[in-house]
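One structure is given below, encoded as structure tokens.
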Amino acid sequence: MEEDDSEIWTSDGYCIACRSIFASEKEKLEHRASKRHVKKWNLHKFFRDESTIHGTMAVSEMLERYKLKKIPIIGLHQCQEIQQVGVSNQEKTNFWTCATCYEVGDTYELADAHLNSMDHIRNYMDECECDEKEQIEEECEDDEYAKYERYRSAAERIFARDGGIDGLQPPSILRMPLSTADGKAKFGIEDQVDVTFQQCPNDANRSVLHCSTCNEVAPVVVAGKYTKEKSRAHHCESTMHQQRAAVLSAINEFHPQEIFDEFKTGESQAQLHWTEKDDDGSWLLSQPCGYRYLINAGDERICTICYALVNGDDQVLEHFSSEYHAMKYLNMIHSYNSYLAQQLDGPERRAKALKMLISTLTLENDTKKVARTLSHFPSLIKSQLSEDVRVYPDPPLEVIDDFKETTGKMFRFCVSCCTYIEFDANLVDEPQKMAAAWKKHVFSAQHFETAAMRTRIDFNPMFFVPYSPTVTNAETDVKGVWKVNREVLVQTQCDVGLEFMVEDEAANEVTCQCCWQVFSKNPIFVNQHIRSYAHLKQYIFLTAPDIIRILLGAETDEKKQAFLMEWLQRHSGLFQKRIHLHSKLKTLELSSWAPVSRRLVQTSLLCRESSEKDVYESVLGLVDSVACDGEESIEMTAREALIAARMLIVNTSRRSDNTLASVVCRCENCELLVIVKAATWQDDVFKSHICTDEHHRRTAMCKENSLSAFGIIAEKSTYTVKPFVQKDATKKVIWQWNQTTKQHEYVSSIVGLDNIIERRYPGMELGIPKQQADFYCQLCAKVFPKRAIALESHVREMDHCIYWIQKYRQAQVRELFEHLANQTADKGKELRKFLSSILKEIHPPEDYCIKVYDPIGEEERKQFAILAKIQAEEKQRRLDEAKEKLAIDKEKLRLKKEALQRELEERNKAERQKKMDDEERHREKERQKKAERDARLQFAKENAAKLAAQEAKKDISLKSRLEQASMQQRERQKIDVQQAKLEAERILLLSKYPNFGKGPTAAAATRPQVTAKQVPLNPYGVSSFGVAQAIIVPDNNAQRFGVLQQQCVAKEPLKSWTPSKFRATLVRVFKTLRMRLELIMWLRFA
């Protein structure tokens, strides 16, 4: 070093800044040239020259941080908090210095690590607790583990001795016009990139955050005011990150060394594969990965990838081969692809992970780290570690396939999106198709953005406070309806899902952890989302699984909306009434209040007159006398106790130093207001209110009379309270003394009439079912008879007016309680004057404004309406069926008529066509005949003489033929006569000689005969010359051999016939037949 730094050196070679001693001059020179010494020397000059210049009084962020986290640290007052001036909030860095250790940093995470380190505790004790420090160093000289535990115990003891959290002293505040780059250069701080972002290839606004400290990945979407720097700060503020950062910093204090310990295997990295373990269903790699991130301390081992304590040598290899460890290891290799792989189902996830592992250069299995100075890991480290997890959890597979036959849709629940994803049933009917469709969804922009939003609005439950939110709820209707507001379908019935709504005071926004959306604090947009149809569906998906299928079914949107409206009306009294408030500042304010015994909080919730409380306290007393676990002495913070007791802070009062003096709390159980002072808040909340009989009475009444909008009917009660009749207009009566109740009654106006409900319920009177009714006051939590005098008396009571002010005039409650406390001095005169000043302008909205609550009657009317609707629908269905059947019959008749008409037309067309064809053929024939006649006429004209000669010849020939025919006719007649004679003679012969037929001629005698038939030669039965024609037509058997004998029978006996005579007769018969045939043929062809 060129500068003179002798002021930080002692005469014996001790460096005050570095707290090191050097015996030789050579060692001293080497040390002065080291970066560590130069950095501390520059910091010493900063303390000497600039600390006093820039010092100021301001609120310390470091003090608030440690009060909120309740970390037992020491030496905070010896630090300096540097607040930058003239730098935007996004560019600011949290610079800090430690004057005890000459350390500097630019993040509060480094401050946490330093203030909890053993070096800082040792240096602090070296200055303030020197004797104890020397004792620890002497007793634990060779055991770093014991030394660390002793120093931690000493720090906790000093922390408690100095007053704990309340005794923390703030660091010095320096305000400097210092940029971030100049500050790092000034203090010698090197850039340490612990958080990196790997951008999405297709979208510049989407990226995956990877933290090298805790080895976690998270999706990030840059939108609006939300930047990558905000996402980094949000991640560093998470509990998990801070726990792992503390573990890592504590381990690094012992400077673990790397040693060579290669894992030997016979397979190459390309042969890497998964194997399933049968006993627990876990999947293991064939080779381990990330072996160099194992840290040993004696017999204990820690995996700094998973931040898990691994017990036993046999468990090390299995842990570093497990699927859970492999997926964490991939976070360091390729954070974006690792995040995408973690979104997939088991087989797809392992396949993608295996592909990534094979493509890496090495699995880093050659070295490991050993903390040689430790025999065991300190208890602070082990308490922050997680269990040794081997199985990578798969989200539950929830598929709804009830509607694939009706709507053709299937639904699968996505844990990241908190909703049901719709798929076409025909596209996911097989496991492979479902896996492909699901992979498409988890890689979609919508899935990524929802997961990023879940990471963004992940709130620490330590900072939820029992304060009333600043966002007010909109007015509701008794019977709500659906309407479109700014292109959003909303309902006006009630607020739904307020337990998922969080008002973030620091970010000045309201978030919905049901739909994973962020809104400004504008009540219009917040209430529109709370009442929206989309928010209601999402709320049902998460809280009402029994009606999910109704929303996903095939019903129309109108029917679904009607069902949801009725569901809201039935459950309107059960929904949460307020939004949660997340505030670090208010948490810090409540942390200054004294804690309270958890046993007091638990027992105060039981009624004092209840036997359960006595039994509970007796059992706890016996357990405390036997057990030595210190359960009876466990305390709760004011924030935790107020949340457990359901006390909501609605108003605050502060002292001159801006600290809380008192608060006004509304008890959400009994709906009363309580003034709670900071000094006596335990007694004010628990002994003076929660343990009272009035609180338990009102709580029981409010639970019993939790009214739903479904039971409130449209008609109003016929009972009301008329205005008080003033007897003297000049002297108006405001308060009237009631001699019966011995109280003053307010008669100037009517207060809280619309807060009274007429309850109707079934009852029995003389054994006969009869409807009964009474009145219930929501302000006083009282039930009184349904009588006009009782109603008027209750409305005019002073307590009723006081309860109305507690509900609707919370800003004036402090003054009200002051008058209540001082009313004994003036007999309540000032109290009545105060009440009348508030209530004089209060009037009911209408004369008859008492609502009627009749859930059973409304249910009956609903059932009757449903029955009537069913009957009307059935009647309409039958009417529609009849109309449909009539329409079908008409259609059939119409089709039949059309068919008959077409058939008739076709037939007529065919007939017309046939007629036309016949006429055409007739005309054609006529033309042919005419042509023939013309041709004959022409021929006759040309051959008239020749034809005349031929005609004469034809006439002569015809006459001769006719004569021949006549002669043949006469001949035939003769033959017939002869035949008849022969037949008669045969019959006579057979009568005389019976045995004649048995001879050789018997067969001939029984053969059929040739019969004569008159057949006309032309259709008219006569020839063209008018001469009758006759021919002989033989029967079917006329050509047989025996016919000749029958035709040749003569008058004389057959025995007298000679062969020559028989032949002559036969020849004559054949000639006659041939002539007749020739005549027939000639006549036909002629």
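For region 417-434, name all the residues that are open to solvent by less than 30 Å² (accessible area, probe 1.4 Å) and within 18 Å of residue 548 (Cβ to Cβ).
417, 418, 419, 420, 421, 423, 425
Conditions tested, residue by residue: (1) farther than 29 Å from residue 278 by Cβ; (2) not aliphatic (A, V, I, L, M).
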position: 379; (1), (2): yes, yes
position: 398; (1), (2): no, yes
position: 405; (1), (2): yes, yes
position: 417; (1), (2): yes, yes
position: 420; (1), (2): yes, yes
position: 427; (1), (2): yes, no
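Of all residues being more than 16 Å from residue 389 (Cα to Cα) and among the hydroxyl-bearing types (Ser, Thr, Tyr) in region 257-283, which is farthest from the chain's Cα centre (by Cα)? Just the residue, please.
Selected residue: 265.
Which of (1) surrounded by 11 or more Cβ atoms within 10 Å (Cβ to Cβ); (2) part of a strand (DSSP E or B); (3) over 57 Å from the mean Cα position of the chain (by Cα) is the odd one out, the single condition residue 713 does not satisfy?
(3)
Run residue 622 past the list (1) in contact with an Asp or Glu (Cβ under 7 Å, 6 or more places away or on another chain); (2) more than 30 Å from residue 64 (Cβ to Cβ); (3) of a type in the set (A, V, I, L, M) and report the number of the one that doesn't hold.
The number of the failed condition is (1).
Does residue 780 satisfy the condition of being under 29 Å from residue 706 (Cβ atoms) and touching a strand residue (DSSP E or B) at 6+ places or on another chain (Cβ under 7 Å)?
So residue 780 does not fit the description; no.
Considering only helices (runs of 4 or more DSSP H) fully contained in region 125-202, which possess at least 3 residues that are open to solvent by less than 60 Å² (accessible area, probe 1.4 Å) and touching a strand residue (DSSP E or B) at 6+ places or on another chain (Cβ under 8 Å)?
In region 125-202, 180-187 are the helices (runs of 4 or more DSSP H) which contain 3 or more residues that are open to solvent by less than 60 Å² (accessible area, probe 1.4 Å) and touching a strand residue (DSSP E or B) at 6+ places or on another chain (Cβ under 8 Å).
In this structure, is residue 375 part of a helix (DSSP H, G or I) and not assigned by the TED database to the domain that holds residue 436?
For residue 375, the condition - part of a helix (DSSP H, G or I) and not assigned by the TED database to the domain that holds residue 436 - is not met.
Looking only at region 456-473, count how many residues are touching a helix residue (DSSP H, G or I) at 6+ places or on another chain (Cβ under 9 Å), more than 20 Å from residue 530 (Cβ to Cβ) and not charged (D, E, K, R).
Adding up the residues that qualify gives 5.
With respect to residue 371, is the statement that it is farther than 30 Å from residue 298 by Cβ and among the small types (Gly, Ala, Ser) true?
No, not satisfied.
Among the residues of region 514-529, is any in contact (Cβ under 8 Å) with a residue 60 or more places away in the chain, among the hydrophobic types (A, V, I, L, M, F, W, C) and open to solvent by less than 20 Å² (accessible area, probe 1.4 Å)?
Within region 514-529, one or more residues are in contact (Cβ under 8 Å) with a residue 60 or more places away in the chain, among the hydrophobic types (A, V, I, L, M, F, W, C) and open to solvent by less than 20 Å² (accessible area, probe 1.4 Å).
Determine, yes or no, whether residue 311 is within 30 Å of residue 152 (Cα to Cα), touching a strand residue (DSSP E or B) at 6+ places or on another chain (Cβ under 8 Å) and of a type in the set (S, T, N, Q).
The answer is yes for residue 311.
Only one of 656, 706 is part of a loop (DSSP other than H, G, I, E, B), in contact with a Gly (Cβ under 7 Å, 6 or more places away or on another chain) and open to solvent by 30 Å² or more (accessible area, probe 1.4 Å); which?
Going through 656, 706 in turn, just one is part of a loop (DSSP other than H, G, I, E, B), in contact with a Gly (Cβ under 7 Å, 6 or more places away or on another chain) and open to solvent by 30 Å² or more (accessible area, probe 1.4 Å): 706.
Check off (1) part of a loop (DSSP other than H, G, I, E, B); (2) free of Cβ contacts under 8 Å to residues at least 40 places away in the same chain; (3) of a type outside the set (Phe, Trp, Tyr) for residue 695 and give me the number that stays unchecked.
Every listed condition holds for residue 695 apart from (1).
Among the residues of region 558-590, write down those that are open to solvent by 30 Å² or more (accessible area, probe 1.4 Å), polar (S, T, N, Q) and in a helix (DSSP H, G or I).
561
Looking at region 815-832, is at least one residue open to solvent by less than 30 Å² (accessible area, probe 1.4 Å), part of a helix (DSSP H, G or I), out of contact with any Cys (no Cβ under 6 Å at 6 or more places or on another chain) and closer than 23 Å to residue 468 by Cα?
Yes, because at least one residue in region 815-832 is open to solvent by less than 30 Å² (accessible area, probe 1.4 Å), part of a helix (DSSP H, G or I), out of contact with any Cys (no Cβ under 6 Å at 6 or more places or on another chain) and closer than 23 Å to residue 468 by Cα.
Considering only residues that are over 15 Å from residue 526 (Cβ atoms) and open to solvent by less than 60 Å² (accessible area, probe 1.4 Å), look in region 479-490 and name the one that is farthest from the chain's Cα centre (by Cα).
Across region 479-490, the extreme among qualifying residues is 480.
Are there any pairs, at least 6 apart or on different chains, whose C-beta atoms fall under 7 Å, with the first in region 381-397 and surrounded by 16 or more Cβ atoms within 10 Å (Cβ to Cβ) and among the basic types (Lys, Arg) and the second modelled with pLDDT of 85 or more and assigned to a strand (DSSP E or B), and if so, which?
390/322
Quick one: how many residues across region 165-191 are without any contact (Cβ under 8 Å) to a residue 12 or more places away in the chain and farther than 18 Å from residue 104 by Cβ?
1
The values are calculated or read from the model by the stated rules, or taken from the named source; none is laboratory data. This structure is a prediction, so every number in the text was calculated from the model and none was measured. Cβ coordinates were reconstructed from backbone atoms using ideal geometry, including for glycine residues, and neighbour counts include every protein chain displayed. Keep in mind that these areas ignore ligands, DNA and RNA; they rest on the heavy atoms of the full protein, side chains included. Shrake-Rupley method; radii C 1.70, N 1.55, O 1.52, S 1.80 Å.
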